[in-house]
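Below: the structure, in structure tokens.
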Protein chains: 2
Amino acid sequence: MLMDPQQLRTFVSVVDHRSFSLAARALGYTQSAVSQHIAALEADLDTPLVTRRPVAPTEAGVRLLEHARPLLLRLDAARADIARLRQVHPGRLTLACTPGALTPAVAHAVVRLRTTSPRLAVSVRTCGRGEAVEAVLTGTADLALVDGAAAPSDPLPLPDAGPLTAFAIAQEPLAVLLPATHPLAGRPALRLADLAAARWIEAPDAAVPLSHLRAAAQTDGFGHQLAYAGGDMRGLGTLVAAGGGLTTAALPAARHVPGVAAVPISVPRIVHRVEVLQPRSSTGPAAELSDILRPSQ
Amino acid sequence: MLMDPQQLRTFVSVVDHRSFSLAARALGYTQSAVSQHIAALEADLDTPLVTRRPVAPTEAGVRLLEHARPLLLRLDAARADIARLRQVHPGRLTLACTPGALTPAVAHAVVRLRTTSPRLAVSVRTCGRGEAVEAVLTGTADLALVDGAAAPSDPLPLPDAGPLTAFAIAQEPLAVLLPATHPLAGRPALRLADLAAARWIEAPDAAVPLSHLRAAAQTDGFGHQLAYAGGDMRGLGTLVAAGGGLTTAALPAARHVPGVAAVPISVPRIVHRVEVLQPRSSTGPAAELSDILRPSQ
DNA sequence: CATCCAGTATCAGCAATACTGATGCTCATG
DNA sequence: CATGAGCATCAGTATTGCTGATACTGGATG
């Protein structure tokens with residue numbers, strides 16, 4: 001078979017596990033089958049894809065990985081898209097939210113939905129941006145709410161792994177979070193470019209990724225020595241207060257963090273933006289919630 | 001096999017040909033095999049994908065199509081990406097251009113490249129935006145030049161079917177092309193929104209697609225009764241002069257079209273933009289040309 | 001209403017394939 | 001140089017995927 005998705009899945013698993021045998025265990029194959037999958041791919045593409053001992057992707061393997069992961073995601077997305085057509089009106093609603101997208105307005109909308117549909121089982125989970133997109137695509141979640149930074153009225157730069165409809169439900173000033181003792185903490189506003197050389201915290205799940213800032217400011221910089229994994233925003237605030245580095249947040253949410261000053265960004269024009277992501281044809285409670293959230297025009 | 005690419009290819013072909021037998025002919029299978037492919041897909045996804053007599057995609061089939069085409073394109077792109085690592089044709093350079101991207105500057109760059117590499121065989125072909133992207137992804141072309149309209153310094157809205165590097169090589173005022181006898185033809189500048197209700201020509205290959213205008217102007221409108229297929233810009237100008245409708249072009253290129261007035265757009269801020277598209281790791285003459293074209297900073 | 005025709009579904013049979021389990025080989029390690 | 005962890009290879013077998021023949025179906029025709 002030519003570029004069989006199974007083979008691609010095996011290849012990804014081998015790279016992830018850095019081992020043929022472990023990948024085999026994870027996939028429920030024998031080691032022999034995995035070895036043959038990789039050999040078949042390498043024969044098909046006429047180039048080695050992984051080095052053995054240690055097991056690591058070659059240059060060609062890295063290229064293939066860049067395609068294989070989105071490809072497999074899209075296959076799952078296609079399956080989920082079609083499965084959704086039959087699944088009419090379940091009494092469940094699953095939301096995937098990035099932490100910064102779980103605003104009071106969203107919470108109120110959920111509560112309001114529960115008053116009109118009292119028997120509806122709603123579950124909310126916070127996760128990273130990529131996971132949220134993936135969840136909606138694969139049907140793990142009915143709706144996603146993601147936040148990020150962008151120029152006003154620009155869409156968020158999200159990975160495009162399939163057809164999704166997106167619309168913004170909130171745009172608020174983007175603020176820099178600094179320690180309250182920071183020399184710039186008292187300013188009424190700040191220019192982002194002046195902070196490009198500062199020490200930032202890269203917290204891609206709990207805050208706006210630095211890549212968004214670079215893209216919006218159209219400058220380099222925004223380097224970081226401190227990375228913060230996980231989705232807890234309070235802990236991130238604590239790090240900022242302790243001088244671990246700077247981060248950003250929507251202005252309203254950024255106030256009242258102990259030991260932290262929030263200063264809005266004046267230049268460039270950049271906003272904190274919350275978007276709803278849903279499958280192209282969403283029905284049932286997900287569509288209802290999306291209607292509640294959609295800005296009336 | 002679960003969602004075999006071959007089956008997807010068969011499915012796409014069946015929909016395109018509106019016939020199992022014709023699709024079989026096109027793919028080199030028997031009609032029986034095609035029937036079994038479709039049956040297998042339908043069994044796997046547990047839903048009918050095409051109606052028979054006449055053969056047409058069901059709702060689920062339409063969904064699957066939305067995924068299947070990009071999926072198959074990406075598979076080819078992955079193969080091409082890896083093939084490029086080994087197979088460099090140093091003596092050949094193939095360019096795919098949208099007509100509006102073939103500016104004098106580009107032509108001069110090609111000529112300049114030929115003076116430094118006199119033995120280089122260069123071939124230029126004009127085609128639509130989608131084809132150009134596809135050509136670079138699948139390795140049919142080494143480099144693509146595409147034009148379109150966008151807000152200043154915004155990237156062009158191109159289909160994302162894989163990793164490509166893109167950069168702009170020209171940004172020029174975008175002009176509306178009107179018949180010289182048109183009441184607005186004498187104006188020094190025009191607001192795009194005032195023309196949203198006008199009659200436009202949709203010429204996605206030869207000019208900026210109306211969808212770009214809608215996106216850039218952030219309004220509806222820009223409807224058309226007249227569609228113009230093909231890549232010839234002169235013919236399009238003739239249609240405009242005859243009162244067939246309006247279109248747009250880069251301001252410098254739009255002057256001196258007989259019977260046509262070119263009026264720059266003042267609001268919103270919108271530009272005609274030419275971008276170079278190339279595979280992530282481009283080498284040889286393609287990289288040289290790309291270096292010549294890249295704006296020095 | 002009977003017939004025909006174009007086109008899809010189904011079936012049996014065969015060739016190609018994709019697994020498993022056993023074994024061989026290779027490199028890193030002490 | 002002995003060892004062992006881990007990848008490659010091979011033979012055997014169950015499964016899959018194709019072809020060619022044939023049955024079936026809905027629409028057109030008179």
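Since every read-out is calculated from the coordinates, none of them should be taken as a lab result. Not measured: the values here are computed from a predicted model. Positions of Cβ are backbone-derived with ideal geometry, glycine not excepted, and every protein chain shown enters the neighbour counts.
How large is the direction-averaged shadow of the alpha-carbon convex hull of segment B:92-297, in nm²?
Averaging across all directions leaves 11.4 nm² for the Cα convex hull.
For segment B:246-286, report the % of Cα-Cα distances exceeding 11 Å.
Above the 11 Å cut-off, segment B:246-286 has 74 percent of its Cα pairs.
Enter the mean number of other protein chain beta carbons within 10 Å of the beta carbon of each residue in A:45-52, as an integer. Please list the in-between numbers first.
Values: counts 7, 4, 4, 0, 1, 0, 0, 0.
Counting Cβ atoms of other protein chains within 10 Å of each residue's Cβ and averaging gives 2.
Shape of the protein assembly as shown from its Cα gyration tensor (a ≥ b ≥ c, root eigenvalues): rounded if a/c is under 1.5, otherwise prolate when a/b > b/c, or oblate? Could you put the intermediate results ahead of the total?
Numbers: a/c = 1.32, a/b = 1.05, b/c = 1.26.
Note, shape of the protein assembly as shown comes out rounded.
Run the label-point distances for B:Ala107 please: 7 Å along Cα to Cβ, every other copy, nanometres, shortest first.
6.4
Once you average over the residues of B:78-87, how many Cβ atoms of partner chains fall within 10 Å of each Cβ?
That works out to 6 on average.
Take the alpha-carbon centre of segment B:165-236, take the same for segment A:242-286, and report the distance between them in whole Å.
Their Cα centres are 36 Å away from one another.
Work out the mean other chain Cβ neighbour count within 10 Å for the residues of B:53-60 and drop it here as an integer.
That average works out to 1.
Along Cα-to-Cβ, 7 Å out, sits the label point; list in nm, shortest first, how far the one on A:Asp220 is from those in the other copies.
4.6
I need the P(r) histogram for segment B:5-85: all alpha carbon pairs, bin width 10 Å from 0 out to the longest distance, whole percents.
Answer for segment B:5-85: a P(r) of 19, 49, 24, 7, 1 percent.
Please turn the phi angles of segment B:102-111 into ³J(HN,Hα) values with the Karplus equation 6.51 cos²θ - 1.76 cosθ + 1.60 (θ = phi - 60°), one per residue in order, whole Hz, x for glycine and proline.
Running phi through 6.51 cos²θ - 1.76 cosθ + 1.60 with θ = phi - 60° gives 8, 8, x, 4, 5, 4, 5, 4, 4, 4 Hz.
Considering only the label points, 7 Å along Cα→Cβ from Cα, what distances in nm to one decimal separate A:Arg234 from the same position in each other copy, shortest first?
7.3
Gap in Å between the Cα centre of segment A:41-120 and the Cα centre of segment B:138-154?
The two parts, judged by their Cα centres, are 28 Å apart.
Packing-wise, with mean Cβ within 10 Å as the measure, how do B:150-163, B:281-294, B:177-190 rank, highest first?
In decreasing order of mean packing, B:150-163, B:281-294, B:177-190 become B:281-294, B:150-163, B:177-190.
Near the axis that takes chain A to chain B, which A residue has its beta carbon closest, and at how many Å?
So the chain A residue sitting closest to the axis is A:Asp160, 2.
Sorted by mean Cβ packing within 10 Å, highest first, what order do the peptides A:59-67, B:18-26, A:105-113 take?
Descending mean neighbour count gives A:59-67, B:18-26, A:105-113.
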